[in-house]
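Reading through the structure tokens given below for one structure.
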Amino acid sequence: QVQLVESGGGLVQAGGSLRLSCAASGRTFSTYVMGWFRQAPGKEREFVAVIHWIGSSTSYANSVKGRFTISRDNAKKTVYLQMNSLKPEDTAVYYCAGGGYYSRKREDFGSWGQGTQVTVSS
């Protein structure tokens with residue numbers, strides 16, 4: 001498994017941008033599928049985006065498609081989530097996750113970060 005630490009969260013006005021980073025430790029990062037999930041208060045954790053370990057295949061939740069971009073730098077063992085045109089409904093704790101399957105399902109990811117708070121004000 002890999003150990004994951006997110007950063008980059010904060011408070012931003014609607015329409016603004018943030019870039020989340022997830023730093024990984026462990027020698028097998030380059031072969032992990034990496035994903036971002038989020039959890040708003042009182043709601044279940046939901047899928048946001050996923051990127052294949054090769055880096056050319058990505059998938060997004062419909063709610064963020066066209067606004068968010070996931071990317072990775074295997075040399076730096078880091079995955080990013082660029083979030084543009086943020087909306088108040090994007091407010092949540094964002095979690096980085098690593099796993100062995102190109103999937104949108106939480107149960108397919110075995111490594112999780114501690115989460116970083118993103119708050120979008122209207």
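The values are calculated or read from the model by the stated rules, or taken from the named source; none is laboratory data. Treat the numbers as computed from the prediction; the structure is a model and nothing was measured. Here the Cβ positions follow ideal geometry from the backbone for every residue, glycine too, while neighbour counts run over all protein chains shown. Ligands, DNA and RNA are stripped out before the accessible areas are found, and what is left, the full protein with its side chains, is counted by its heavy atoms. Shrake-Rupley method; radii C 1.70, N 1.55, O 1.52, S 1.80 Å.
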Along region 70-81, what does the Karplus equation 6.51 cos²θ - 1.76 cosθ + 1.60 (θ = phi - 60°) give for ³J(HN,Hα), rounded to whole Hz, x for Gly and Pro?
9, 8, 8, 10, 5, 5, 9, 6, 9, 10, 10, 9
Just to confirm the filter: which trypsin sites (Lys or Arg not before Pro) across region 20-122 are DSSP coil and have at most 14 other Cβ within 10 angstrom of their Cβ?
ARG27, LYS43, LYS65, LYS76, LYS105
Gaussian network model of the chain, Cα within-10 Å springs - most flexible of LEU81, LEU20, LEU11
LEU11
Quick one: among ASN74, ASN62, ASN84, which has the greatest mean-square fluctuation in a GNM of the chain with alpha-carbon springs under 10 angstrom?
ASN62
For region 1-108: accessible area per residue (Å², 1.4 Å):
52 Å²
Region 87-122 and region 2-51: distance between their alpha carbon centers, rounded to Å:
5 Å
Only bridges with both residues in region 42-122 count here: give the DSSP antiparallel percent, nearest 5.
100 percent
If one builds a Gaussian network model of the chain from Cα atoms under 10 Å apart, the most fluctuating residue listed among THR28, THR91, THR78 is THR28
Pairwise label distance in nanometres, ARG19 with THR119, each label 7 Å out on the Cα-Cβ vector
2.4 nm
Region 46-104, Cα convex hull volume normalised per residue, Å³
91 Å³
In whole Hz, what ³J(HN,Hα) sequence does region 89-100 give by Karplus (6.51, -1.76, 1.60; θ = phi - 60°), x for Gly and Pro?
6, 7, 4, 4, 8, 9, 10, 8, 9, x, x, x
Determine the dipole magnitude for the chain: charges of +1 sit on the beta-carbon of Lys and Arg, -1 on that of Asp and Glu, nothing else is charged, the reference point is the Cα centre, and the result goes in debye to the nearest 20.
160 debye
Under the Karplus relation 6.51 cos²θ - 1.76 cosθ + 1.60, θ = phi - 60°, what is the ordered set of whole-Hz ³J(HN,Hα) values for region 15-23, x standing for Gly and Pro?
x, x, 10, 9, 10, 8, 10, 9, 8
